[in-house]
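Here's the structure we're looking at; comments come further down.
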Amino acid sequence: MRKRMWFPVLLLCLALTLTGCSEEESGGFLQMTILDTGKSDCIVIEAGESVIVNDTADADDAAAICAFLDERGKTRIEYVILSHFDKDHIGSAADLLSRYEVGCVLMPDYEEDSETYISLMQAIEETDTAYERLKKDVSFSVEGVSFYVDAPREDDYENDNNYSLITCVINGENRFLLMGDAKKIRTGEFLSSAMARERYDLIKMPHHGNYTKNLETLFETAKPRYAVLTPDPERLRVEEETVGLLDEFGCEAYYTDEGAVTVVSDGSQVHVSQF
C-alpha cells in the first residue's frame with residue numbers, strides 16, 4: 001500500500017499562495033480526490049472553494065462521500081456530472097441532492113429502468129435542481145479551472161457504458177481526463193474530438209481497468225504521467241493488456257482499492273498521493 005505523501009501537497013499549496021500569478025496565467029488551485037469506493041467511481045474536484053462531483057459511486061457509499069464533503073466544510077456542489085446511469089456511478093446521487101445545494105446535474109441523454117435512476121430523477125424533482133441531458137459537448141469554468149464534457153454522438157448504444165460522458169479538466173498547463181466507463185465505440189468517438197489531441201497529466205482509466213485496443217491510440221497522444229483505476233479488491237476487471245499499456249507508456253498507476261488518490265495542481269505542477 002502506498003504511504004501518505006502530504007509534504008509535496010503542502011509545498012504545492014504554499015507555492016500557489018506565494019506566486020501571486022493570475023488565474024488566466026496559471027489556472028486556479030485544484031484538488032481532485034478519487035475516492036476508495038470499491039468497484040465504482042466517485043471523484044470530488046475542488047476548484048478553489050467550489051466543488052464539482054464526477055459520479056457518485058454506489059448507494060451504500062453515500063455516508064462516506066458525505067463524510068468527505070463535510071470534513072472539507074462543503075455545503076454546495078456546483079455541478080454533479082454523471083457519466084452514465086449504471087448503479088456504481090449514480091448510486092449516491094439522490095442522497096447528495098437531498099443533503100447539499102446542487103447548482104446543476106449534467107447527464108447523458110438516455111433513460112434507464114432502474115431503482116437508482118428513478119431515485120435520482122425523483123430527487124431532482126423534489127429538490128428542484130437544474131439538470132441537463134447532454135446532446136452536445138458543453139464547457140464551463142469554475143474559479144479558473146475549465147471543464148469540457150464530451151457527449152455521446154449516437155442516440156442508442158447496445159452497451160450502456162458507451163453513453164458515458166467523458167470529462168476533461170484543464171487547470172493552467174495541467175490536464176486531467178476522466179473516461180467514465182467508455183468502451184471501444186465511445187473511446188473512438190472521443191478520439192475524433194479536438195480534446196483527444198491534448199496531452200494529459202492523468203487519466204482516470206475507463207471501466208475499472210477493462211482494455212480496448214483504441215486506448216493505445218489515445219495514449220500515444222495523451223502521454224499521461226499518471227493513471228488511476230477504480231477496481232474491486234480482486235481487480236477482476238483489470239486486464240493484462242491494460243497493465244501492459246500502462247507499462248509501455250511508463251505511466252505510474254494508482255489503484256483505489258489501495259486507498260483514495262489525491263491529485264493537487266497549481267496550474268503548472270501536479271502532485272499525486274495516496275492514503
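The values are calculated or read from the model by the stated rules, or taken from the named source; none is laboratory data. Small disclaimer: the values here were computed from a predicted structure and weren't measured. Note that we place each Cβ from the backbone using ideal geometry, even for glycine, and neighbour counts take in every protein chain shown.
Assorted remarks:
- Complete set of residues in the stretch 101-118 that are free of Cβ contacts under 8 Å to residues at least 40 places away in the same chain and part of a helix (DSSP H, G or I): E115, Y117, I118
- Qualifying residue in the stretch 14-31 (condition: of a type outside the set (G, A, S) and modelled with pLDDT of 95 or more): yes
- All positions within the stretch 162-178 that are buried (at least 23 other Cβ atoms within 10 Å of the Cβ) and not in a strand (DSSP E or B): N162, Y163, S164, L165
- Across the stretch 72-100, the number of residues qualifying as part of a loop (DSSP other than H, G, I, E, B) and over 21 Å from G180 (Cα atoms) comes to 5.
- Number of the condition not met by R237 [criteria: (1) surrounded by fewer than 22 Cβ atoms within 10 Å (Cβ to Cβ); (2) farther than 21 Å from L30 by Cα; (3) without any contact (Cβ under 8 Å) to a residue 40 or more places away in the chain; (4) among the basic types (K, R)]: (3)
- Test: residue in the stretch 232-252 that is of a type in the set (D, E), within 18 Å of the chain's Cα centre (by Cα), at pLDDT 95 or above and farther than 18 Å from L191 by Cβ: yes
- The stretch 241-275, subset among the hydroxyl-bearing types (S, T, Y) and assigned to a helix (DSSP H, G or I), residue farthest from Q31 (Cα to Cα): T242
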